[in-house]
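Below is one structure, written out as structure tokens; the observations come after it.
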Amino acid sequence: MAEAGAEPLRSRMAVNRERQRELYGAPLGDRVRRLTSALGISQSRLARTLGISPAMLSQLVSARRVKIGDPAVLARLLLLDKRCHVVRTPLETRAVDALLAEVAQARWQWNEPRVPAQRGRREPLAGTAAAALRGIAEPARLAAAAAALGPGFPELAEVLRQAASRPGA
């Protein structure tokens, strides 16, 4: 006999998976399974790499929760996903270990937009690159992209941070 609350829970989880698809392009369970399979690692090891508890990652994978609350965790997940997307053959254990160590050390930084002192403006003007980026991506994705690009392309990362910092502007 089915539990009394099972159907509403399944329905809520289906809604949560759809919301994850809207936010992240795919349900997080699909993304996590693809990563763990490609790297040959456990979900627990992935969680440690991302900087999230295994229990929280499990709740996200099962769609009991919808969003990744920490932008740094999202940035690491997107960075790892991007790196694994180009992998065509199984990686050696040393390569997996090095990749996971690199991703675990990635840091997301929130920097205030640089504003000329005489103008005193805090948000980008309409028609700027930041405004255009806000029109095509969610703030969390813009922040994650900024974190990924920051070390190599700080000027591009700054524009992405500006776009992420003022989602409604």
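Overview of values
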| read-out | value |
| --- | --- |
| Enumeration of residues in region 17-30 that are open to solvent by less than 30 Å² (accessible area, probe 1.4 Å) and within 28 Å of Arg134 (Cβ to Cβ) | Gln20, Leu23, Tyr24, Ala26, Pro27, Leu28 |
| Boolean, Val86 is hydrophobic (A, V, I, L, M, F, W, C) and at pLDDT 95 or above | no |
| Number of the exception - Ala55 against (1) modelled with pLDDT under 80; (2) under 21 Å from Leu28 (Cα atoms) | (1) |
| Region 129-169, residues that are within 21 Å of Val73 (Cβ to Cβ), open to solvent by 40 Å² or more (accessible area, probe 1.4 Å) and among the hydrophobic types (A, V, I, L, M, F, W, C) | Ala140, Ala148, Leu149 |
| Count - residues of region 45-70 that are surrounded by 19 or more Cβ atoms within 10 Å (Cβ to Cβ) and assigned to a helix (DSSP H, G or I) | 7 |
| Checking Arg33 against (1) charged (D, E, K, R); (2) touching a residue at least 40 places away in the same chain (Cβ under 8 Å); (3) under 18 Å from Leu91 (Cβ atoms), the condition it does not meet | (2) |
| Single condition Ala95 does not satisfy, out of (1) at pLDDT 85 or above; (2) under 24 Å from Lys67 (Cα atoms) | (2) |
| First in region 60-78 and in contact (Cβ under 8 Å) with a residue 12 or more places away in the chain and more than 17 Å from Arg33 (Cβ to Cβ), second anywhere and open to solvent by 10 Å² or more (accessible area, probe 1.4 Å) and of a type in the set (Val, Ile, Thr), Cβ under 6 Å, 6 or more apart | Val73/Ile52; Leu74/Ile68 |
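The values are calculated or read from the model by the stated rules, or taken from the named source; none is laboratory data. Just so it is clear, the structure is predicted and the values come from calculations on it, not from any experiment. Reconstructed Cβ throughout: ideal geometry from the backbone, glycine too, with neighbour counts over all protein chains shown. Accessible surface is based on the protein model in full, side chains and every heavy atom, while ligands, DNA and RNA are left aside. Shrake-Rupley method; radii C 1.70, N 1.55, O 1.52, S 1.80 Å.
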